[in-house]
Amino acid sequence: MKKPLVISILLAIAPFSFAATHNLDGRTLTVDELWAISAPGEKVAVTPEDWAKIKASYKAPIDAATDGRDIYGLTVNYGALKDQKVAGASVEAEPNRSASINFNERQMRIQAAGLEPFFDDRISKMAMVIRLNQMAAGYTGMSEAAAKAFQEYINNDVCPLIPSRGSEGANDLSMATHIGLALMGEWDVSYQG
């Protein structure tokens with residue numbers, strides 16, 4: 001084999017040889033590791049123990065709703081409208097399930113206001129890593145399917161376009177809503193340029 005060909009092959013595979021898989025557990029993520037994970041090719045994993053926490057976290061508000069408690073964003077509206085019912089107590093049964101899903105999808109669309117320029121892909125990836133890490137801690141109430149979708153986006157460097165200026169209200173909803181809309185197939189992403 002000629003020397004230039006060997007060098008070309010090594011250069012072609014070099015970016016892939018340094019990629020790592022980082023375990024998210026909701027407790028040990030550091031800023032330095034977060035920055036490292038945001039690089040293209042870096043991947044994340046969640047341990048079976050932490051997947052169990054995600055499942056339990058999802059079940060907790062559903063059980064509370066079944067017990068007749070009002071659950072913010074699941075059975076009742078947000079903020080000043082918290083006294084308005086969104087869905088009945090049996091949130092996993094129809095029509096309550098669809099009503100709750102439709103409500104939250106509408107809320108994401110309402111809150112997804114913002115202006116370009118978009119954040120860098122690494123910022124978008126870090127936002128997803130932080131949220132998946134929160135899920136792994138077992139405190140978000142998000143589903144296993146949502147966690148797996150976040151993991152797929154992270155591990156394949158699919159980065160939702162997140163406006164860097166403005167959002168509905170003075171809050172952090174722009175990141176979450178643009179990621180959510182991308183996962184729903186209703187917003188744009190950056191993927192391999």
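The values are calculated or read from the model by the stated rules, or taken from the named source; none is laboratory data. All values derive from a computational prediction rather than experimental measurement. Quick reminder, even Gly has a Cβ in these numbers, built from the backbone with ideal geometry, and neighbours come from all protein chains shown.
Of all residues in region 119-137, which are surrounded by fewer than 20 Cβ atoms within 10 Å (Cβ to Cβ) and in contact with a Lys or Arg (Cβ under 8 Å, 6 or more places away or on another chain)? Residue satisfying the conditions is A137 alone.
Residue check: is E116 touching a Lys or Arg at 6+ places or on another chain (Cβ under 9 Å), touching a residue at least 60 places away in the same chain (Cβ under 8 Å) and charged (D, E, K, R)? So E116 does not fit the description; no.
For the criterion of being part of a loop (DSSP other than H, G, I, E, B) and either under 15 Å from G180 (Cα atoms) or of a type outside the set (G, A, S) (or both), L74 passes.
The requirement of being within 20 Å of W51 (Cα to Cα), out of contact with any Cys (no Cβ under 6 Å at 6 or more places or on another chain) and among the charged types (D, E, K, R) is satisfied by E144. When restricted to residues that are outside any loop (DSSP other than H, G, I, E, B), farther than 28 Å from D63 by Cα and of a type in the set (D, E, K, R), region 85-120 contains 1. Of everything listed in (1) touching a Lys or Arg at 6+ places or on another chain (Cβ under 9 Å); (2) at pLDDT 95 or above, the single unmet condition for M142 is (2). Within region 89-118, the residues that satisfy the criterion of being under 17 Å from G68 (Cβ atoms) and crowded, with 18+ Cβ neighbours inside 10 Å are V91, N96, S100. For beta carbons closer than 9 Å, sequence separation of 6+ or different chains, a first residue in region 55-72 that is in contact (Cβ under 8 Å) with a residue 40 or more places away in the chain and within 10 Å of E144 (Cα to Cα) and a second that is among the acidic types (D, E) and surrounded by 15 or more Cβ atoms within 10 Å (Cβ to Cβ), the qualifying pairs are K55/E144; Y58/E144.
Only one of these is in contact with a Phe, Trp or Tyr (Cβ under 7 Å, 6 or more places away or on another chain) and more than 18 Å from N104 (Cβ to Cβ): S143, S164. Name it. Checking each option against the conditions leaves just S164. Restricting region 145-181 to residues that are modelled with pLDDT of 95 or more and part of a loop (DSSP other than H, G, I, E, B) leaves a set whose member that is farthest from D121 (Cα to Cα) is N156.
Is it true that some residue in region 139-159 is surrounded by fewer than 19 Cβ atoms within 10 Å (Cβ to Cβ), over 30 Å from L81 (Cβ atoms) and in contact (Cβ under 8 Å) with a residue 40 or more places away in the chain? Within region 139-159, one or more residues are surrounded by fewer than 19 Cβ atoms within 10 Å (Cβ to Cβ), over 30 Å from L81 (Cβ atoms) and in contact (Cβ under 8 Å) with a residue 40 or more places away in the chain.
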